[in-house]
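The values are calculated or read from the model by the stated rules, or taken from the named source; none is laboratory data. Quantities reported herein were computed from a predicted structural model and do not represent experimental measurements. Virtual Cβ from ideal backbone geometry, glycine too; neighbours counted across all protein chains shown.
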Amino acid sequence: MKSPHDANGVASAGAPIQQGLMADRDDFTDEETDAQDKGPLWHRGVGVLAVSWVMALAILAGWFAGWLLDRNVTGTFPLMTILGVLAGIIGGGWYSYRTIMRGLRR
C-alpha cells in the first residue's frame, strides 16, 4: 500500500490530513464511531456535567475542611483554608483529567 506521505513524513498534495487522537488507531472502526454517536444528546453531555460538578465540590470540600481546621484546631486562619482550596483544585483536576482521558479512549 502506497503511503500518502513522502520519505520525510510530509503529506503529499491531495492526501487527506488525519486529525484527532483516534486517527492513527487501526482498530478503531466505523461501527464504534456510529455506536458512540447514537443515543440522546444528554447522554453524551453527562460526563462533562459530572466533571464540572466534581471540580466544584472538590474545591468546596477543600475550603470547608481548611476552614474547620483553621477555626477549631490550628488557629492559623488563612493558611489551612488556602491549602484546603489548593488540595481541592488538585484533586478535582486529577479526577477531571482521568475522566476526560477515559472518555477520549472510547
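Here are some notes:
- When residues of region 57-76 are limited to those that are farther than 28 Å from residue 46 by Cβ and touching a helix residue (DSSP H, G or I) at 6+ places or on another chain (Cβ under 7 Å), the one surrounded by the most Cβ atoms within 10 Å (Cβ to Cβ): 66
- Residue pairs meeting the criteria (Cβ under 7 Å; at least 6 apart or on separate chains; first under 15 Å from residue 53 (Cβ atoms) and aliphatic (A, V, I, L, M), in region 80-106; second modelled with pLDDT under 95 and assigned to a helix (DSSP H, G or I)): 100/51
- Among the residues of region 77-95, the ones that are surrounded by fewer than 12 Cβ atoms within 10 Å (Cβ to Cβ) and of a type outside the set (Phe, Trp, Tyr) come to 1 in all.
- Some residue of region 27-37 being at pLDDT below 60, among the charged types (D, E, K, R) and either surrounded by 13 or more Cβ atoms within 10 Å (Cβ to Cβ) or not in a helix (DSSP H, G or I) (or both): yes
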